[in-house]
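Shown next, in structure tokens, is the structure this report addresses.
The values are calculated or read from the model by the stated rules, or taken from the named source; none is laboratory data. Quick caveat, the model's predicted, so the values are computed rather than measured. Note that we place each Cβ from the backbone using ideal geometry, even for glycine, and neighbour counts take in every protein chain shown.
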Amino acid sequence: MALTIRTIGSSELHLVTELSAKIWPIAYKEIITQEQITYMLNTMYSQQSLEQNLSDGHTFLVAEHDRTPVGYAGYQVHFPTLEFSKLHKLYVLPETQQTGVGSALFNEVVSGSKNEHCKHLILQVNKINPALQFYHKKGMYIHEEAVFDIGHGFVMDDYIMRLDW
């Protein structure tokens, strides 16, 4: 199968929403409640929210195997300052994990960040998310811990990870 990664715009943001609906209930079932999963999908992955992300300077990438979407990433350069890039989203379908799709998306984010003269990549990841191992393998380290109130009584208890180059 041929893997392609491409940047998408507003007219294709529905791909991110559709993939999230398939990925999140599986990825987070042992980490957060179903109520929080539903809340986060409805607030963070609605067309309106994703369009606002685009307006705020996010770049969305979709990974496709033979034109079938299998994963996505969303990142923002020069955030929170000029030298930083922030990876906001990186998810792949469960059946494509450990096939190189996530690595390809991650590498594309790093490349895009370097092209914009960023020197560091940061991200937030839940403290008990198995993806921590993936990010450690990519050379990221835990920079700090933070708890974020996301509304309706829900919080994100995360590590902020960092990669320097």
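Of all the criteria given as (1) assigned to a helix (DSSP H, G or I); (2) surrounded by 15 or more Cβ atoms within 10 Å (Cβ to Cβ), the one not satisfied by LYS114 is (2). Take PRO25 and decide whether it is more than 28 Å from GLY151 (Cβ to Cβ), modelled with pLDDT of 95 or more and not charged (D, E, K, R). So PRO25 does not fit the description; no.
Yes/no matrix, rows are residues, columns are (1) of a type in the set (Asp, Glu); (2) closer than 23 Å to MET156 by Cα; (3) free of Cβ contacts under 8 Å to residues at least 60 places away in the same chain:
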{"position": "ARG6", "(1), (2), (3)": "no, no, yes"}
{"position": "ALA21", "(1), (2), (3)": "no, yes, yes"}
{"position": "ILE26", "(1), (2), (3)": "no, yes, no"}
{"position": "THR38", "(1), (2), (3)": "no, yes, yes"}
{"position": "SER46", "(1), (2), (3)": "no, yes, yes"}
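When we screen TYR135, TYR91 for residues that are of a type outside the set (A, V, I, L, M), under 21 Å from MET44 (Cα atoms) and at pLDDT 95 or above, the only hit is TYR91. Taken over the stretch 4-45, the residue count meeting the criterion of being of a type in the set (S, T, N, Q), surrounded by 17 or more Cβ atoms within 10 Å (Cβ to Cβ) and over 15 Å from the mean Cα position of the chain (by Cα) is 1. In the stretch 149-165, of all residues being in contact with a strand residue (DSSP E or B) (Cβ under 7 Å, 6 or more places away or on another chain) and closer than 28 Å to SER111 by Cβ, the one that is surrounded by the fewest Cβ atoms within 10 Å (Cβ to Cβ) corresponds to ASP164. Of the residues making up the stretch 150-165, those that are without any contact (Cβ under 8 Å) to a residue 40 or more places away in the chain, over 15 Å from the mean Cα position of the chain (by Cα) and part of a strand (DSSP E or B) are VAL155, ASP157.
All conditions in (1) small (Gly, Ala, Ser); (2) in contact with a Phe, Trp or Tyr (Cβ under 7 Å, 6 or more places away or on another chain); (3) over 28 Å from SER10 (Cβ atoms) hold for ALA146, with the sole exception of (2). Considered as a group, the residues in the stretch 117-149 that are over 17 Å from the mean Cα position of the chain (by Cα) and part of a strand (DSSP E or B) include one that is nearest to TRP165 (Cα to Cα), and that residue is HIS143. Looking for something part of a helix (DSSP H, G or I), without any contact (Cβ under 8 Å) to a residue 12 or more places away in the chain and under 17 Å from LYS138 (Cα atoms) - is there at least one such residue anywhere in the stretch 94-103? Within the stretch 94-103 (the criterion being part of a helix (DSSP H, G or I), without any contact (Cβ under 8 Å) to a residue 12 or more places away in the chain and under 17 Å from LYS138 (Cα atoms)), the answer is no, since none of the residues qualifies.
Looking at the structure I just gave you, is VAL92 buried (at least 17 other Cβ atoms within 10 Å of the Cβ), closer than 27 Å to HIS152 by Cβ, among the β-branched types (Val, Ile, Thr) and under 15 Å from the mean Cα position of the chain (by Cα)?
On the way: buried (at least 17 other Cβ atoms within 10 Å of the Cβ): yes; closer than 27 Å to HIS152 by Cβ: no; among the β-branched types (Val, Ile, Thr): yes; under 15 Å from the mean Cα position of the chain (by Cα): yes.
Judged against the criteria, VAL92 is not a match.
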